[in-house]
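Taking it in order: structure first as structure tokens, then the write-up.
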Amino acid sequence: MTPLEADNRSQRSTRRPCAYVAGAIQRLEFQRFRDELELHLDFICCMDVEEAVHRAEDSGRFPHIIFFIQSYPGQWPESRIAPFQRAFPTARAVQLLGSWCEGEKRTGDPIPGVFRFYWHQWTPALCRELEDMLEGRP
């Protein structure tokens with residue numbers, strides 16, 4: 001089994017909300033986040049928008065939300081996120097910033113339409129916010 005196949009093992013036959021994850025979700029600092037994803041969502045890991053589009057077309061599952069796992073500053077600039085937003089205009093976009101991104105100079109500029117939070121902020125409260133967001137509640 002390749003690492004990418006292992007990352008996609010959360011896919012189930014039930015119709016839970018679908019998320020796409022771009023980036024290194026296997027890093028230790030994102031483990032708590034990954035555990036929560038496995039509880040609440042089906043997720044598919046992809047490295048670029050072309051792969052995401054092919055997976056969506058092949059599976060018939062379009063994402064409700066796209067997580068950009070940012071391990072280091074500048075990894076997911078607007079130029080890399082915008083194609084995902086164009087390919088999946090109804091999906092919510094979220095950047096999960098790793099420990100190397102902490103600090104005023106390292107967070108980068110916020111990207112319009114993208115919710116951002118740090119790896120250590122993934123708590124039950126954010127899980128509730130995720131559920132509200134997926135169900136269309138404010």
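Under the condition of being open to solvent by 70 Å² or more (accessible area, probe 1.4 Å) and either part of a loop (DSSP other than H, G, I, E, B) or farther than 27 Å from residue 15 by Cβ (or both), the residues counted in the range 40-83 number 7. Checked against (1) open to solvent by less than 40 Å² (accessible area, probe 1.4 Å); (2) outside any loop (DSSP other than H, G, I, E, B); (3) free of Cβ contacts under 8 Å to residues at least 40 places away in the same chain; (4) of a type outside the set (Ser, Thr, Tyr), residue 130 meets all criteria but (3). Just to verify a result, which residue in the range 27-39, among those that are open to solvent by less than 60 Å² (accessible area, probe 1.4 Å) and of a type outside the set (Phe, Trp, Tyr), is nearest to residue 100 (Cα to Cα)? That would be 29. Across the range 5-23, the qualifying residues are those that are under 21 Å from residue 123 (Cβ atoms) and modelled with pLDDT of 55 or more, and the one among them that is farthest from the chain's Cα centre (by Cα) is 16. Looking at the range 44-70 only, could you name the residues that are aromatic (Phe, Trp, Tyr) and over 18 Å from residue 28 (Cα atoms)? Result: 62, single match.
The values are calculated or read from the model by the stated rules, or taken from the named source; none is laboratory data. Since the model is a prediction, treat every value here as computed from it, not as a measurement. Positions of Cβ are backbone-derived with ideal geometry, glycine not excepted, and every protein chain shown enters the neighbour counts. Ligands, DNA and RNA are stripped out before the accessible areas are found, and what is left, the full protein with its side chains, is counted by its heavy atoms. Shrake-Rupley method; radii C 1.70, N 1.55, O 1.52, S 1.80 Å.
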